[in-house]
1. Return the total of residues in segment 13-42 being surrounded by fewer than 18 Cβ atoms within 10 Å (Cβ to Cβ) and in contact (Cβ under 8 Å) with a residue 12 or more places away in the chain.
2. Answer yes or no as to whether residue 49 is within 19 Å of residue 20 (Cβ to Cβ) and either touching a strand residue (DSSP E or B) at 6+ places or on another chain (Cβ under 7 Å) or not assigned by TED's automatic domain parsing to the domain that holds residue 144 (or both).
3. Please indicate, with yes or no, whether at least one residue in segment 145-154 is in a loop (DSSP other than H, G, I, E, B) and surrounded by fewer than 21 Cβ atoms within 10 Å (Cβ to Cβ).
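The values are calculated or read from the model by the stated rules, or taken from the named source; none is laboratory data. Source: prediction; values computed, not measured. Counting neighbours? That spans all protein chains shown, and the Cβs are built from the backbone with ideal geometry, glycine included.
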């Protein structure tokens, strides 16, 4: 039997990004689009949301329709991060260490941002791979191509993988490929392509997933 591979989204999965980070990030992206595309704030805001809905990532729309340099966009829009914006959960490191098998990060964020967040959380050394949007060749989730690049790099089957993720479109792609899917959400109704729902990562300790996957060592 193959050893398990645990794949974790970063923002709003391993930590709360909605409270302090996403509002600033969204504003930073809107301002970038105002400068680059000569839009007013409302136009840039609506276009950013449109690209996020259509492609799952603002960057993909900007690259496809406006020829935006992805490295410049990521550097400019993620420079705001400060350590005190990251909300640390102390028990998270212990939970991750008790999961046997390989663990990796799969994020639409740039690598520098992801590494900084992981270091502040105190869990950077828990992962054998940090697979950022650059790693996916800018095929951000929920793109199938990004998942395929990740699987090739991991050298494993989708059936060996469990994805923890707050984004439903990303979970839909993962399920289609054959991964086990875990939705991190406080919403009670889960779609049929989600196998498990956890209100937060620490709820894994008491989840049926623990028994199904035999995920914890004692």
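1. Matching residues across segment 13-42 total 9.
2. On the way: within 19 Å of residue 20 (Cβ to Cβ): no; either touching a strand residue (DSSP E or B) at 6+ places or on another chain (Cβ under 7 Å) or not assigned by TED's automatic domain parsing to the domain that holds residue 144 (or both): yes.
No, not satisfied.
3. Taking segment 145-154 and keeping what is in a loop (DSSP other than H, G, I, E, B), we get none.
Taking every residue of segment 145-154 in turn, none turns out to be in a loop (DSSP other than H, G, I, E, B) and surrounded by fewer than 21 Cβ atoms within 10 Å (Cβ to Cβ).
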